[in-house]
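The values are calculated or read from the model by the stated rules, or taken from the named source; none is laboratory data. In this text the structure is predicted, and so the values were computed from the model without any measurement. Quick reminder, even Gly has a Cβ in these numbers, built from the backbone with ideal geometry, and neighbours come from all protein chains shown.
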Amino acid sequence: MQRALGGELVEKGTGAALVETGGARGTQDVIQIAGAVETFQPLPDRPGQAGHHDGAQGVHAVLKGLLIAEYAPEGGLHSGPHGGKVGMPDHDPESVPRRLWITSRTHRRSRPRRPPEYALRMNELLVDRDDDGVVLLTLNVPERRNAMTDAMTDRWRETMTALATDPDARCVVVTGAGTAFSAGGDLSWLGERGAEAVPELRERMLAFYRTWLLINQLEIPTIAAVNGPAVGAGLCVALACDLVYAADDAKLLVPFTSLGLHPGMAATYLLPRRAGVGLAREMLLTGRTLTGREAADKGLVNRSFPNNDLIPEVRALAQKIAQNAPIATRLTKLALNQDHQDLEAALRWESLAQPITMATSDLLEGLAAHRERRVPKFTGS
């Protein structure tokens, strides 16, 4: 939720709040606060005080009744009295907009501490937004090769739900921290679940699969950047994206049967859909491992790149997508997901979707930009 402040409540709830404030010299500062925001209001000018300058308008955040941090556009950030942890990627006062993450370490006795799972959930999936509408999601449990833990799964669900209605998001990129993309599902609990009845196991696994495959339901384009091993369910999440790019030396495999498991995470649908039944049979029945380069040759992924080039190349592709007209892009993705049965079905869809784009302001902008030989500035209207 984005709103001018004016000293009023910006957002209340348990999610992350996005707040815009008027900065010095007409600039705009963007502050993201992880947690439930009760108040967020301008600070009065305090000339002569350390960190504040004449004419600078600051803000302070109160999280669950606790002052977490104060920020002045020209003076940087001041930690709150209770140990708010603050990170500022860009401290240059001339660089706008600036983005800050503010998280809480609550020590106030009158209120209960946040459960440790809250901070864990926030950390196991990192969300980074570019100004052009590209959202980078990083699976972030590198010490466990980014296995899909319960905390990561909860955070993924929250993030997918938010992205589904985010008007500013235009493309999503998923990658892994460290040397792996994802080792797949966290199997540590399986040995302890022998007594669990089949119906309960079925419901548990369905919920797990459906949560991770929410990325397939996003209307905006999605890209997987497979930076290292993508195993089992981890590979399936990558294949559920619209475009898949891999590092040349990444290892892609689905070793379900070698673990005594039937394939899951829609592996029996996603693999043959991507690269044909033949390769799907070989990978699922024999456990064949492909490198990123081999996967590109077989058509399982779109292309492969040297490891150090993967993320820059994928970011460039995502930015190209984000620069296109949002409405036309979303409708094109929907069309590609229709699986038209024949030529006539495709024509019927296009005869409905194309006139919608003809009625948009973005079409006029695209035509004008083409005429004037400049880059169009689409607004999604």
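Key figures for this structure:
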item: All strands (runs of 3 or more DSSP E) inside region 94-184 with 1 or more residues being touching a helix residue (DSSP H, G or I) at 6+ places or on another chain (Cβ under 9 Å) and modelled with pLDDT under 90; result: 99-103
item: Members of region 152-191 found to be in contact (Cβ under 8 Å) with a residue 24 or more places away in the chain, among the polar types (S, T, N, Q) and either touching a Cys at 6+ places or on another chain (Cβ under 6 Å) or farther than 15 Å from L213 by Cβ (or both), listed by number; result: T175, T179
item: Conditions (1) farther than 22 Å from A224 by Cα; (2) surrounded by fewer than 17 Cβ atoms within 10 Å (Cβ to Cβ); (3) without any contact (Cβ under 8 Å) to a residue 40 or more places away in the chain; number of the one not met by D362; result: (2)
item: Search result, residues across region 275-294 that are more than 19 Å from G184 (Cα to Cα) and of a type outside the set (G, A, S); result: V277, L279, R281, E282, R293, E294
item: Hits in region 298-310 (condition: surrounded by fewer than 18 Cβ atoms within 10 Å (Cβ to Cβ), assigned to a helix (DSSP H, G or I) and either touching a residue at least 12 places away in the same chain (Cβ under 8 Å) or outside the structural domain of D130 (by TED's automatic domain parsing) (or both)); result: K298, N307
